[in-house]
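The values are calculated or read from the model by the stated rules, or taken from the named source; none is laboratory data. The structure displayed is predicted, hence computed values, not measured ones. All Cβ positions, even for glycine, are placed from backbone atoms using ideal geometry, and neighbour counts span all protein chains on display.
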Amino acid sequence: MTGHAQAGRPNRLLRNLNAKIASIPMMLTAVVIFLGGTLWTVLYSFTNSKLLPRLKFVGLEQYERLWSTPRWLMSIENLAVFGVFSLVFSLLIGFVLAALMDQKIRFENTFRTIFLYPFALSFIVTGLVWQWLLNPEFGIQSVVRSLGWTSFDFNPLYNQEIVIYGILIAALWQGTGLVMCLMLAGLRGIDEDIWKAARVDGIPTWRTYVFIIIPMMRPVFITTLVIIASGIVRVYDLVVAQTSGGPGIASEVPAKYVYDYMFLAQNLGQGFAASTMMLLAVAIIIVPWAYLEFGGGRKRV
Amino acid sequence: MNSSVSIKDLSLSFGAVNVLENLNLEIRDGEFLVLLGSSGCGKSTLLNCIAGLLDISEGQVFIKGKNVTWEEPKDRGIGMVFQSYALYPQMTVEKNLSFGLKVAKTPQAEIDKRVARAAEILQIQPLLKRKPSELSGGQRQRVAIGRALVRDVDVFLFDEPLSNLDAKLRSELRVEIKRLHQSLKNTMIYVTHDQIEALTLADRIAIMKNGVIQQLDDPIAIYNAPRNLFVAGFIGSPSMNFLNGELAARDGKPVFVANGVTFGLDGYDADGTLKAGRKAVLGVRPEHIKVNEDIAAGSEIHDAIVDIEEPMGADNLLWLKHAGHTMSVRINGSRRFQPGTAVKLAFDMTMASVFDAETELRI
Amino acid sequence: MSDRTIQARPAAAAGALVATLSGPSGAKPKRRLSGRNIMIYGTLFVAAAYYLLPLYVMVVTSLKGMPEIRLGNIFSPPLEITFEPWVKAWSSACTGLNCDGLSRGFWNSVRITIPSTIISIMIASINGYALSNWRFKGADFFFTILIVGAFIPYQVMIYPIVIVLREIGLYGSLSGLVIVHTIFGMPILTLLFRNYFASLPEELFKAARIDGAGFWAIYFRIMLPMALPIFVVAMILQITGIWNDFLFGVVFTRPEYYPMTVQLNNIVNSVQGVKEYNVNMAATILTGAVPLLVYFISGRLFVRGIAAGAVKG
């Protein structure tokens, strides 16, 4: 596309004009909203905006305040616990279910439909169902007690120490079906001949999985990891529906902190600073992945 | 010369990669030109540049004397047939044929006339109401040709049109394309990697490598007098035998010496001078080596041992060991040799080629 | 399996005839209840029970009267089936602001989901087509931003959008929310369509250009009819995604336009009055009904949609 102009060569801007006109919404979205909006928020996180955004810079003051607010620290701690457990369990459960589904079983479609249907539901619906199931007066705890095990104690939604695990159970119920589907697609993508070769060589099934299949599924695992991880950072609706952040502030999460400070507490600066931290967290997940996927990809081939 | 398509100093680069560089090509009116080369040589790219499907970086393209370098494909007076047929899957054959004319707002009566004519020429009238998915590969390619036909264009472009077909259909359609060219007398530019297609169809062949035309000539000239080592090796199956050695003089006459064996070059029609001491490559096609009783009286005789025999029906291919070289010889299919048999050979130097070992050009 | 293997080696059969006769022959005996199968199906059934349990509890709770709920356990089937909670959830449950039930939220969600789905898919399919077939200079730059943008937490971009919508006078309106859904649906849908159009043979596009068709003619007459399956996938993705949205609904609309999810949360988590669990569960099922219906009808296409949507995260 280089080289000097030539007689009769049409204006480069006018080439593919229709394609360019048709892409205007995309260009606007990309540049104004995604790029511009993000930069705007980061910029205003260094101001002391309260009810309305204003450009009065206060340096890192908002961040200092953020990291000394107990509620934010609690949010981060919750996110870390929730994140680690939901990563581990959803990968584990998802993979085991997928491996079982891959054994040429009958009713595969029925099982898949059952495992995946929660994923079609709203987080609000999920949160409310599990709020009911974990209700200490009528839910699982009371049912088990009424069966005779009267000392049974499982009341996560009203216990500050374990409330985050109550949310974890609901999140796993909703999300593992997706992980199972991705893993199953990964397993189905593996050449049948690998299994035949392992069988002829007399390698036990579990060893084939651990030493051959799982390493071969590395790309699927990485993609799944990124999907789960960026979902974790966003977790919001589920907490709102299930606990509203309670009891007290025991189940607060960063996304809720941002919303509350922006739209309820009318402390925009705090909201911007907190959302910038979320952006940073996502960048930490995405950048290495993008590097592996696109930067290191050439070397791997 | 009455030129139909002419390409002047055409260059195309994608970023830093030059796919075509300073390419010049004149195609005569009514000519069947084949662009031949292995994949990645730039032949399809060149065709796409002629069609206007790729924006070129430098140079000009003329069709029928009109500079079309920056014209839209539809305004160039071309029709194109693709390897994957590229039929619109949701339209019937008839709609496929008429789509271009409809876009151009041709009157319906004219459309019907042209579709009927194309269908008649290609004998696809019974298929007009069917969808492409209901057609065989050969039928689909016929429809694809028909789509170019109805456009009533000056120049037909074929991009490996037969490569997706099986061997039998390929040879059938090859004949049909040739017949089509004979009756329509349009200019046709045909891209292929198949040398049989190139040799059988072309008025002239342009052999390409790395975006450069290596030789542009009629098929017989390309086969018998390849201009360089690449062309010599590319055309012909099994390929030409190459012997590495050097030129020398014996009794004042030029000879070729390889591994201590001397080959007289009597009868070789040299382009340049066969200077003694020059490193060279001697190329002889398998059918230009005579075995035992085929040898004409007075020929220079060489000794060889049969290594492997490959009977192919009409022909029989012998792989021989001769002075440290392995070479193939094509003989009549009825003559059989056991491996290990000693045979006598004679080389037909009037049909051989000698190349400079450094420039790889024919001497 | 084993008998086929023997048939496949007829040459060996002659020599080994004696050995074959004395060894096992015929079909391999089937073991119906191997330990392995019991383990596989056992695990799957337990897992299935875990996934189905909440749905079951939702349904039975919604069919009981409050006195029965207070007495019994949540797993027991209703002694006396009543549809009153459903009626109440739909038409008279209170949200703290008003007492006309979920019906208002349902119709709001319909009014949000339909235009958002149509507009976002229209724009994204054109984007994908332009990106895969027309590749104008700079297109990849915008596309890269779009894809990276898919990973940015919504919270980062929400406030700037509030400002933009306020400036053009659409903040709080349904049209504003439609725009927001179109924006945030764009990355994944554009990717979906771009990959689909890129998977079609490029020669088809070239043939259409030689036939003289331009940008819009190729889109409407060649590409669109070929892309129907992917349009269905995109529709599934968008209908469920938009219907289930909560955050955008809260942020970008006024209370009278709150979508169903927001309305549901307000009903269930409203602090006033006595908790009516049966009404809450009926309301929850009603809210989940639309995406569930889409899910059960679409089957495999849904899986394909989420596999594509998975890239978004």
| remark: Restricting the stretch C:155-183 to residues that are in contact with a Ser or Thr (Cβ under 9 Å, 6 or more places away or on another chain) and facing chain A (nearest Cβ under 9 Å), the one farthest from A:Leu39 (Cα to Cα) turns out to be C:Thr182
| task | Tell me, yes or no, whether the stretch C:101-109 has at least one residue that is surrounded by fewer than 21 Cβ atoms within 10 Å (Cβ to Cβ), among the aromatic types (Phe, Trp, Tyr) and more than 20 Å from the chain's Cα centre (by Cα). | result | no
| request: Restrict the check to the stretch B:60-68 and report whether at least one residue is under 29 Å from B:Phe230 (Cα atoms) and either modelled with pLDDT of 90 or more or crowded, with 22+ Cβ neighbours inside 10 Å (or both). | output: yes
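If you check A:Ile194 against the conditions, is it more than 20 Å from the chain's Cα centre (by Cα), in a loop (DSSP other than H, G, I, E, B) and either facing chain C (nearest Cβ under 9 Å) or surrounded by fewer than 16 Cβ atoms within 10 Å (Cβ to Cβ) (or both)?
Here the answer is no, as A:Ile194 does not meet what is asked.
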| Here are some conditions: (1) outside any loop (DSSP other than H, G, I, E, B); (2) closer than 25 Å to C:Leu224 by Cα; (3) touching a Leu at 6+ places or on another chain (Cβ under 7 Å). B:Lys74 meets all but one. Which one does it not meet? | (3)
| query | Residue check: is C:Gly214 in the same structural domain as C:Pro291 (by TED's automatic domain parsing), among the small types (Gly, Ala, Ser) and under 21 Å from A:Leu121 (Cβ atoms)? | reply | no
| query | Would the stretch B:269-288 turn up any residue that is over 20 Å from B:Leu229 (Cβ atoms), surrounded by 12 or more Cβ atoms within 10 Å (Cβ to Cβ), touching a residue at least 40 places away in the same chain (Cβ under 8 Å) and not assigned by TED's automatic domain parsing to the domain that holds B:Asn224? | reply | no
| field | Sole residue being within 8 Å of chain C (Cβ to nearest Cβ), under 30 Å from C:Gly249 (Cα atoms) and either of a type in the set (Asp, Glu) or surrounded by 19 or more Cβ atoms within 10 Å (Cβ to Cβ) (or both), chosen from A:Trp132, A:Trp72 | value | A:Trp132
| Answer from C:Ile161, C:Ile188 - the residue that is buried (at least 22 other Cβ atoms within 10 Å of the Cβ), within 26 Å of the chain's Cα centre (by Cα) and over 19 Å from C:Met235 (Cβ atoms) | C:Ile161
| Looking at the stretch B:90-125, which of its residues are over 34 Å from the mean Cα position of the chain (by Cα) and part of a helix (DSSP H, G or I)? | B:Lys102, B:Val103, B:Gln108, B:Ala109, B:Glu110, B:Ile111, B:Asp112, B:Lys113
| message | Considering only the stretch B:34-51, I want to know if a residue exists there that is over 25 Å from B:Ile235 (Cβ atoms), in contact with a helix residue (DSSP H, G or I) (Cβ under 7 Å, 6 or more places away or on another chain) and assigned by TED's automatic domain parsing to the domain that holds B:Asp194. | response | yes
| task | Looking for whichever is out of contact with any Leu (no Cβ under 7 Å at 6 or more places or on another chain), modelled with pLDDT of 90 or more and among the polar types (S, T, N, Q) here; the options are A:Asn78, A:Asn135. Which one fits? | result | A:Asn78
| note | Those residues of the stretch C:252-265 which are over 13 Å from C:Ile112 (Cβ atoms) and surrounded by 20 or more Cβ atoms within 10 Å (Cβ to Cβ) amount to C:Leu264, C:Asn265
| Filtered residue count, the stretch C:51-72, keeping only those that are crowded, with 16+ Cβ neighbours inside 10 Å, outside any loop (DSSP other than H, G, I, E, B) and either more than 9 Å from chain A (Cβ to nearest Cβ) or within 22 Å of the chain's Cα centre (by Cα) (or both) | 9
| If you go through the stretch B:70-89 one residue at a time, do you hit one that is at pLDDT 90 or above, at the interface with another protein chain (Cβ under 8 Å from one of its Cβ atoms) and more than 27 Å from the chain's Cα centre (by Cα)? | yes
| query | With respect to B:Gly137, is the statement that it is of a type outside the set (Asp, Glu), closer than 20 Å to B:Tyr190 by Cβ and surrounded by fewer than 19 Cβ atoms within 10 Å (Cβ to Cβ) true? | reply | yes
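Looking only at the stretch B:31-62, count every residue that is assigned to a helix (DSSP H, G or I) and of a type outside the set (Gly, Ala, Ser) and tell me the total.
Of the residues in that region, 7 qualify.
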| helices (runs of 4 or more DSSP H) (entirely within the stretch B:172-258) containing at least 2 residues that are at pLDDT 95 or above and touching a His at 6+ places or on another chain (Cβ under 6 Å) | none
